[in-house]
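The values are calculated or read from the model by the stated rules, or taken from the named source; none is laboratory data. In this text the structure is predicted, and so the values were computed from the model without any measurement. Cβ placement follows ideal geometry from the backbone for every residue including glycine, while neighbour counts extend to all protein chains displayed. With ligands, DNA and RNA removed, areas are computed over all heavy atoms of the protein, side chains included. Shrake-Rupley method; radii C 1.70, N 1.55, O 1.52, S 1.80 Å.
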Amino acid sequence: MNPFLGLFDSARAATFPAQQGPVARFIFGRDPQEAAYSAGVEGLFMFIFWISTFVFIGLMALSFYWAVKYRRRPGVAPPRSPSHNTALEITWTIIPSIVFISLFFVGFRVYAKQVIAPSDAVRLDLIGYRWGWNLYYPGGVTSTETLPPGTISASSVPVFMFPEDTPILLEMSSQDVIHSFWVPDFRSKMDLFPNRSTSFWFRTSKLQPGDMDNPDLGYPNKEHILYCAEYCGDQHSQMLGLIRVVPREVYENFLRNPWPEGISLVEKGKLLHSLRGCNACHSLDGSSGTGPTWLNWYGYEHRYTDGSTHLADADFTRESIYYPGRKIRSGYQNVMNSYLGQINEEEMRALIAFMRSISDQGGDPTAGFPDEEEETGGN
Amino acid sequence: MSTIDTHNAGQHAHHEGSYLTPHGGALATIWNWATTIDHKKIGVMYLFAIMFMFFLGGVAALGVRAELWEPTRVVTQVVEGETVTSYTGQVLVNLAPIVPGVESEGGISAGMNIYNRAFSLHGIIMTFMVIVPSVPASLGNFFLPLMLGAKDVAFPRLNLMSWYIYVFGSIFAVAAVVMGGVDTGWTFYTPYSTMTDADHLRVVFVILAAFILGFSSILTGLNFIVTVHKLRAPGMGWFDMPLFVWAMYATAIIQVLATPVIGITLLLLIFERVFHVGIFDPRMGGDPVLYQHFFWFYSHPVVYVMIIPAFGIINEIIPVHARKKLFGYRAMAFATLGIAAVSFLVWGHHMFTASGELAAMIFSALTFLVAIPTAIKVFNWVATLYKGSIAFNTPMLYALSFLFMFTIGGLTGLPLATLATDLHLHDSYFVVAHFHYVMMGGTIIAFVGGIHHWWPKMFGKLYNERWAIIGCVLVFIGFNLTFFTQFILGTRGMPRRYASYPDEFQFLHQLSTIGSWILGIGFLIHLGVFVHSLVAGRKAPENPWGGLSLEWETESPPIEHNFHHEPIVKHGPYDFDTVQPPHTDPAEFPMPEPLRPGERTH
């Protein structure tokens, strides 16, 4: 290891112990929650903060003192004074340069910890879209829980579970525009792009018996808010997520059986409506958004931009979700992404059942799917 | 001892009128101003246009702050034409008619549309129509030739043309607003900017406006470079120029070199939107990160187009009102050029969360390089106060405010230049606070200070010092309340460009909003002071502050051809310890004892 860096690290460790001081607590609001690097980021910030505070107070005190001491007195000439001092000027060039070079090196060291994931990290896929997140667990499992609208956001917020004390590596990409994955508690972020993969890693902290961010759960847990940090349009500020760190057995149970006990097909469809972000464009109350409402959609004939009309049956629903560009409802834009490969058979059944349940022409939503045939691809 | 061979107007055979003297009737006067090639008139027209644009951008900012008063006061639906909040169902003042197009789109996104359009409007107006042209186009146009002892800029007709290009570009932008506004933010990041409002031309209009405004910048910059090279008064070497001129020179170089890049970028963006040529949009085979490189290759140097002129103003205000030779003149001049040069190499620091690790490392290192000359400048200003004779009038209070806020702005740049901390702070309110401390606490504060400093010279009228000081104090308090709170919001995790936010941030947001009201009142007081001065201000003397640079030699307001005789420069612009300022009374501006033989001051 570079001895210079080692020296700097130990100086920082001595000045800023791992425990968060009252000033850091005020500045950040909450302790760093990620176990590998976030305390390092915060420690570095506080190091810069104290240097800056020292320099700022020094400069301002000097300015204020001189401005008052040498204030103008009528008829009194200013004293003679130097307007140049080579030694002083060299000093105040070299000292900041040394500080800046040091900051760069320490910043780079901590940055390396932020961007280089350990090889044993659990890899998960994260897709960002307007305006939500899809996290794919092993075996195609996705999140099945949301916070209701009004909890931390005006929209419903998906909950993403992670096992405690585990390095997680998210392979991230975007379906549409640029988004950014930011968990302030982790003190780091990374952008998501529509045409390339980026990654973000963190180590979940080890849960203590007292960690009960959500006391209703009955087991220790920690919760962190996930924000989209890159402006992505109308509901950018609704593009939130909740990261919940849970005991390993809870996580493994979730992977084995992601859906809540005894949930009906219709309820499952209703959950998917918000989990998969359908709610961003398709309302349930009859109001028109970026896309048509789902209220009384199923079982009715609708007019499409090519002049045709089409009955919204199960087959047509499936086509509209997998190949949304084929038929565009009159009065709407061709903006929906294909969900082919993202919504599996069971989820599709749940969505159709839910649509039927909110249409007065839907019939019995739990009845079989008489229209269901092989994908015809007909236009 | 005097700067010019003579400055006694009485010796002249003919008496030339001030540039403000009307020519004939009202129509003739308007025609005279509209077709003028006098740099002073063009500067004044720019000044008022920029003030108007500042007012528009400020109203948008107050709207943004008002919306953020409540965490869930997110307007999410339009019910029967009324805009209501999502939870309380409370009917807001009917916002929909303000933003045409929102009503028809309806639905859940309508309300946030309004917020997103308001902050985009604020950013676009303040960047392209206020801060970029602010100091160079108004004060620069007016004072650069005066400080050089020239009759006008090198190309007066080109100067008039750049003014009309500015007006033309602004009209395009205003047209887009009237048509419904854009929600892209001022950065127009792709692919969002090529997708949004696909059926409207508003985004194209605004981009076109920025493109047109760029030409205005280039022409002004070109004009200034040639003027500085060719039109310095006899006896004025490069290191006899006031530092405001140095600042204008460095700014002009950046404008000429960097602005074409944004021109090309914006043109490509228009091509992509209108002709669907895939450049930035991945759906057409383009790359959105390429856009970010292009955009910041211009927009980072332009950050220095915004701040270097402010340095120039502070370099004039502090020595004149402290009656003190500026500390480290040459260091200041070289620091200005150094910042201008390095500014071209740091664009990648806007993309630490988007670019590869190696690029991030290089750009972080280069960014710290800019910090060094900036730090030197601050030290020089503070050292200039030492053993001065400091007047606490409005320009000086603004200069001290600048020192306070710019230092905070500069120091908070350090955790943003540092890779590890930037990953947390990037795109948070910390960044918003940081660039407002630099752009507003730096540039706008220096600009307002500069307007007060030169107001008596420009209009020949004094302003009401007491009310101007009250305005200045309110601006100082309001500004810090508005933006200091945003640093803490950012470190605590508040992302920027959010119309709604979790409850925990509400208290700080409310403090910030209250600050914005105080700030607004402060600026309104200044507006009142300016209007009062123009209507009923006392006549200003030639040199109210005891300045030594050439603009203080001529009359207030200056005569049409600036000087009765071509000035001959015999001393530096800051030799307050050896030269009695022109038109001043030694009783009011006494000189230090002459040097004893063999004594040196430095």
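At a glance:
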read-out	value
For the protein assembly as shown, accessible area per residue (1.4 Å probe, heavy atoms of protein chains only), Å²	37 Å²
Degrees, to the nearest 10: B:429-438 long Cα axis against longest axis of chain B	20 degrees
Cβ neighbours within 10 Å from other chains - mean over B:184-195	3
Chain A: Cα Rg divided by the 2.2 N^0.38 Å rule of thumb	1.35
Relative contact order %, chain A, counting alpha carbon pairs below 8 Å whose residues are six or more apart	13 percent
Accessible surface ranking that places the most exposed of B:230, B:457, B:387 first, with a 1.4 angstrom probe	B:230, B:387, B:457
Carbon/sulfur fraction of accessible area - region A:122-256, other protein chains in place, 1.4 Å, %	48 percent
Entries of B:151/B:539; B:377/B:570; B:230/B:387; B:41/B:377 with Cα pairs more than 30 Å apart	B:230/B:387; B:41/B:377
Residue mean of other protein chain beta carbons inside 10 Å, A:222-230	4
Amide H contacts under 5 Å for residue A:123, placed H, 5+ residues apart	A:169
Around residue A:165: net Lys/Arg minus Asp/Glu count, Cβ-Cβ under 15 Å	-1
Relative contact order computed over region B:360-512 (Cα-Cα under 8 Å; 6+ residues apart), in percent	29 percent
Using θ = phi - 60° and Karplus 6.51 cos²θ - 1.76 cosθ + 1.60, couplings along region A:328-341 (whole Hz; Gly, Pro as x)	10, 4, 4, x, 10, 9, 7, 10, 7, 8, 6, 9, 4, x
In degrees, nearest ten, helix B:465-492 long axis to first principal axis of chain B (Cα)	40 degrees
Charge dipole magnitude, Cβ of K and R +1, D and E -1 - chain B, Cα centre, debye nearest 20	860 debye
With all protein chains modelled, accessible area of residue A:303 [1.4 Å, Å²]	130 Å²
Around residue A:245: net Lys/Arg minus Asp/Glu count, Cβ-Cβ under 11 Å	-2
Kirkwood Rh (inverse of mean 1/r, distinct Cα pairs), region B:281-405, angstrom	16.4 Å
Value of relative contact order over chain B, rounded to a whole percent, pairs C-alpha under 8 Å and six or more apart	18 percent
Accessible area (Å², 1.4 Å probe, nearest 10) - residue B:265	0 Å²
Förster radius 60 Å - calculated FRET efficiency between residue A:252 and residue A:285, Cβ distance, rounded to 0.05	0.95
Proximal lysines to residue A:206, defined as alpha-carbon separation beneath 21 angstrom and excluding residues fewer than eight positions away on the same chain	A:113, A:222
Pairwise burial B:A, computed as accessible area of each alone minus the pair, summed, 1.4 Å, Å²	8400 Å²
Solvent-accessible area of residue A:281 with every protein chain in place, 1.4 Å probe, in Å² to the nearest 10	40 Å²
Residues of region B:415-431 buried by at least 40 Å² on assembly (accessible area, 1.4 Å probe, chain alone as reference)	B:418, B:419, B:420, B:421, B:423, B:424, B:427
Estimated FRET transfer efficiency when R0 is 25 angstrom, pair residue B:504-residue A:95 (beta carbons, to 0.05)	0.05
Prolate/oblate/rounded call for region A:265-357, Cα gyration tensor, a/c under 1.5 rounded	rounded
Protein-only accessible surface order, largest first, of B:211, A:193 at 1.4 Å	B:211, A:193
Solvent-accessible ranking of A:335, A:141, largest area first, probe 1.4 Å	A:335, A:141
Peptide A:312-319 - average C-beta neighbours from other chains (10 Å radius)	0
HN-Hα J in Hz across region A:291-297 - Karplus 6.51, -1.76, 1.60, θ = phi - 60°, x for Gly and Pro	x, x, 6, 8, 5, 6, 8
Helical segments meeting 30 Å axial Cα length and Kyte-Doolittle 1.0 threshold in chain A (DSSP H)	A:38-69, A:86-115
Of all accessible heavy-atom area on chain B, the percent that carbon and sulfur account for (1.4 Å)	69 percent
Rg over Rh [alpha-carbon atoms, Kirkwood Rh] for region B:35-552	0.96
